[in-house]
1. Does A:ALA365 qualify as being assigned to a helix (DSSP H, G or I) and open to solvent by 20 Å² or more (accessible area, probe 1.4 Å)?
2. Count, please, the residues in the stretch A:410-438 that happen to be out of contact with any Gly (no Cβ under 6 Å at 6 or more places or on another chain), within 14 Å of another protein chain (Cβ to nearest Cβ) and part of a loop (DSSP other than H, G, I, E, B).
3. For the stretch A:275-302, give me each residue that is in a strand (DSSP E or B) and under 18 Å from A:ASN511 (Cα atoms).
4. Restricting the search to the stretch B:350-380, which residues are modelled with pLDDT of 90 or more and of a type in the set (Asp, Glu)?
5. Might you let me know whether the stretch B:224-237 holds any residue that is open to solvent by less than 20 Å² (accessible area, probe 1.4 Å), more than 30 Å from A:ARG341 (Cα to Cα) and among the hydroxyl-bearing types (Ser, Thr, Tyr)?
6. Given the criteria without any contact (Cβ under 8 Å) to a residue 12 or more places away in the chain, within 14 Å of chain B (Cβ to nearest Cβ) and of a type outside the set (A, V, I, L, M, F, W, C), does A:ARG553 qualify?
7. Going residue by residue through the stretch B:432-451, is there one that turns out to be more than 14 Å from every other protein chain (Cβ to nearest Cβ), buried (at least 20 other Cβ atoms within 10 Å of the Cβ) and in contact with a strand residue (DSSP E or B) (Cβ under 7 Å, 6 or more places away or on another chain)?
8. Just to be sure before I move on: is B:ASP317 out of contact with any Asp or Glu (no Cβ under 7 Å at 6 or more places or on another chain), free of Cβ contacts under 8 Å to residues at least 24 places away in the same chain and open to solvent by less than 10 Å² (accessible area, probe 1.4 Å) in the structure I sent?
Amino acid sequence: MSTKGLVYKVSGPLVIAEQMRTANMFDVVKVGPKGLIGEIIEMHGDRASVQVYEETAGIGRGDEVVSTGAPLSVELGPGLVKNIYDGIQRPLENLRAIAGSNLTRGIWVDALDRQKVWHFTATVSAGTDVCPGDIIGTVQETDVILHKVMVPPAFKKGKITKISSGDYTVEQTVGILTADDGAEQELKLMQKWPVRVARPYREKLPPAEPMITGQRNIDSLFPISRGGTACVPGPFGAGKTVVQHQLAKWSDVDLVVYIGCGERGNEMTDVLREFPEIKDPKTGKNLMERTVLIANTSDMPVAAREASIYTGITIAEYYRDMGYAVAVIADSTSRWAEALREMSGRLEEMPGEEGYPAYLTSRLAQFYERAGKVICIGSDNREGALSAIGAVSPPGGDISEPVSQATLRIVKVFWGLDSALAYRRHFPAINWLNSYSLYRDRLAHWFSENVARDWMDQTQRCLKTLQQEAELNEIVQLVGMDALSQSDRMTLEISRSLREDFLQQDALGDNDSYTPLDKQHALLRLIFSFEDKGREAIAKGADIDAISELPVREAIGRAKAVPYDVYREEYAKISDELDRELEAIIPGKA
Amino acid sequence: MIREYKTIEEVAGPLMLVKRVEGVKYDELGEIVMPDGSVRRCRVLEVNGNDVLVQLFESSAGINLSESKVRFTGHGVELAVSPDMLGRVLSGMGSVIDGGARIIPEKTMDINGTPINPAARYYPSEFIQTGVSTIDGLNTLVRGQKLPIFSGSGLPHANLAAQIARQAKVLGSDSNFAVVFAAVGITFEEADFFINDFKKTGAIGRTVLFINLASDPAIERITTPRMALTAAEYLAFDLGMHVLVIITDITNYAEALREVSAARREVPGRRGYPGYMYTDVASLYERAGRKMGSDGSITMIPILSMPEDDKTHPIPDLTGYITEGQIILSREMYRKGYMPPVDVLPSLSRLKDKGIGVGKTREDHSGVMNQLFSSYARGKEAKELMVVLGESALTPIERLYAKFADAFEAEYINQGFYENRTIEQTLDLGWKLLSILPRSEMKRIKPQFVEKYWPGER
């Protein structure tokens, strides 16, 4: 049954319709002669407040509002990967084919191609008992993603009475699941799920292994776990987007959902054009084969921006349910919060801090809480993980504002970007003094088992040295370099080396953009061996000025860009050279 | 049939409430017929039952509740466009004000435009040589980019913008180039400077000017940039031209926005600016770019003056989050007499990496750029230390860096508004300055390029 109402009020993306008493909260409605997509967000007796996901120019009183009777949902099935969608899951490539290079209103295109035929391979046979979440077959979705077709969570458990491999479109029935009460339920490649509801899982697990990003600053100092949450706040120009892109490129997950929420159009285009040309270090295939893009750029309708985050995370949860490790990267949650604020203002709600609605914190918490490492529903106890990383764009770079503060209360990793570092072109501009990762200790075991025993000691030493540098710098500012002891000068030298030769990482450098963990470890060890040997040399009477001017320093500086396959030999050579040069400056030995 | 209503109920500031209307649509253009027969324009901001709230584009003086009539046109605010617009001067509402003949329109376009589908954009990657070292060498501009100039009151941003408009060219192509200039609430003198500069260089023939002066109605400023961008879209995407859009001053635009918001009693965001200001200015800035199915491009250089030189003020702050970088002018450089007074370290072009290098500028560009940035940053730090502790407190290498920073400012930044440097000259100058430092400090440049271009230590 569909409710039909009439427009009473229009104010930007908010439309109020009359005669809507029989409609449900959060139903999707079509507004006006063009059928603009909207969603009911409030009911007052006869009147429904609708947030419209498209530009409302041209809507007037008396235009028809028709409820579809269903909440805002996404289509889940093969065909999601490699696609680019807007905030309410309309495929942008198809929209372009239909409407040209500008977005036209009132066009509805199915998220999943109805014509495309997929080869379905059944993995269970007729007669098998299954419950919701069980995998009944697979479809090779892209070169790297094996799409697992699952019994939808809403189905009743029972017995498969019919199933066959073969070629199907997403709407065709691949099998029948007969419930215990005799009801026949059709199994298809596609299922739907309302975006504002988290998909179910059996059990949440504590984080135990890192999500490896190949970013030295992150993996070594502030690691994130699989299923963890992180935020990247920073003023404009500090490199938030580059950090996010790097994570999308190099994280060792099976699938990445990248949500461009209220950001620049060209950045999404960049991802769209660049990812097909980058090889995934793990699979050797191009990165687009494991990426889903959600693009709701800043000039696209503001209400759809609010929905885009949910659309993205629901798709991610669907792949998590297959037992994959998934990362959701949202750029930027501040724009999402601003969309909330705009709608809240139009609804004339009482504002909280800085005009944001009072429910900002709980909405943010709900979003991040959908991340985690879980045991999926289904009888095989498979594990899936969903990591969520959100950029925050605090006004003026001041994180005392509501969105940053609300985010920090929830997430476990904080990569604080610093404009002072960015001005010096120190990238990634993650400030080592105020960033943190609450996963560091939990992941210690994994790192010492899988990379090196002294991983934690060494990375801790790195953090400590950098902290000492900050303290020493204060003294230098007051009394000058001359006042420092030789040993303190060595500390400054080594922390400069840590900053320039280890933490700085060139996102565009061929061998530098991604650093495997063992190379990260070896590079840190090389830098610290310089410190240890340098201190020995000082003890034997060498001068710190001479040490800081050793030609081998340049080789250490270039060590990060040494190709992975030869780095061991190269580092050994640098180490030998270091020994020779230090030997030469110890007085009485030359 | 167009109906006229005599039911104006309230006029307050830029807003007007009209009662008992029928069939009026959101965002529709309305016309107010004054008692003397003259017509003023307005736009529907809210439809609420039978009442509509409209926003005036012009002054409300003379509106009479019982005499004035309102009619609604059935469409949004539109601009009549034609290739003949080139060389003409239009008002902030799009009417001809240069005394010349009326422009015969080819077609009319809604000034709000429609968002470009991100899947239909081309990533901007064609290097534009502006002839300004601090831009070409360090903050490279590419076709389809939006790169604002953050200025302060009393700084010569107009000279820099005029210099870019005068010198900008794409290497190895003789292109179909046009300039759209939007003056938003600036003084007559400033507008006159631009017009004269365009005339002097002959650029006026390929320029469309939209002029809203400080004395014109503030509320008209909301449409002026949209008019200009609509003209630019027509020239770029219909006629395939490469259009450079200069909008000055965005701060005045934001203030007009605040005025309307305050009149509507909306909950203000920071400093009284409306919470939707980000979305609103994004709908301007995001109209720059390149898209499939058209050879043209829109490159945008908005100019904004930062109140109190404060980069964290909402206007520069929100702009910086949307635009692809920023060129920041520095009062310190200006006082030293270094022109154009670009503050190099916080300036940034986000799209530079795809626009430079082999086949675009020169192979060593990226390395030289990074080396110049980090060396200048280190030199400035050394100089700060020197101020506190005296020169003797510096190590020999830091003294060299300090020397480098001085030379960099005096030669690289300070080129004047009338020197047009090629990219080769800019890069070679960079090498010459870097050679103040020892060769072993060239950590940001690939060894083979140091080998090839190193001019020898000085």
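The values are calculated or read from the model by the stated rules, or taken from the named source; none is laboratory data. Please read these numbers as outputs of a predicted model, since none were measured by experiment. So basically every Cβ, Gly included, is an ideal-geometry build from the backbone, and we count neighbours across all protein chains shown. Heavy atoms of the whole protein, side chains included, go into the accessibility calculation; ligands, DNA and RNA do not. Shrake-Rupley method; radii C 1.70, N 1.55, O 1.52, S 1.80 Å.
1. Working: assigned to a helix (DSSP H, G or I): yes; open to solvent by 20 Å² or more (accessible area, probe 1.4 Å): yes.
Taking the combined requirement at face value, the residue satisfies it.
2. 4
3. Those that are in a strand (DSSP E or B) and under 18 Å from A:ASN511 (Cα atoms): A:LYS279, A:ASN286.
4. B:GLU363, B:ASP364 - these are the residues of the stretch B:350-380 that are modelled with pLDDT of 90 or more and of a type in the set (Asp, Glu).
5. Yes, there is a match, as at least one residue in the stretch B:224-237 is open to solvent by less than 20 Å² (accessible area, probe 1.4 Å), more than 30 Å from A:ARG341 (Cα to Cα) and among the hydroxyl-bearing types (Ser, Thr, Tyr).
6. Working: without any contact (Cβ under 8 Å) to a residue 12 or more places away in the chain: no; within 14 Å of chain B (Cβ to nearest Cβ): yes; of a type outside the set (A, V, I, L, M, F, W, C): yes.
Judged against the criteria, A:ARG553 is not a match.
7. Within the stretch B:432-451 (the criterion being more than 14 Å from every other protein chain (Cβ to nearest Cβ), buried (at least 20 other Cβ atoms within 10 Å of the Cβ) and in contact with a strand residue (DSSP E or B) (Cβ under 7 Å, 6 or more places away or on another chain)), the answer is no, since none of the residues qualifies.
8. Working: out of contact with any Asp or Glu (no Cβ under 7 Å at 6 or more places or on another chain): yes; free of Cβ contacts under 8 Å to residues at least 24 places away in the same chain: yes; open to solvent by less than 10 Å² (accessible area, probe 1.4 Å): yes.
The answer is yes for B:ASP317.
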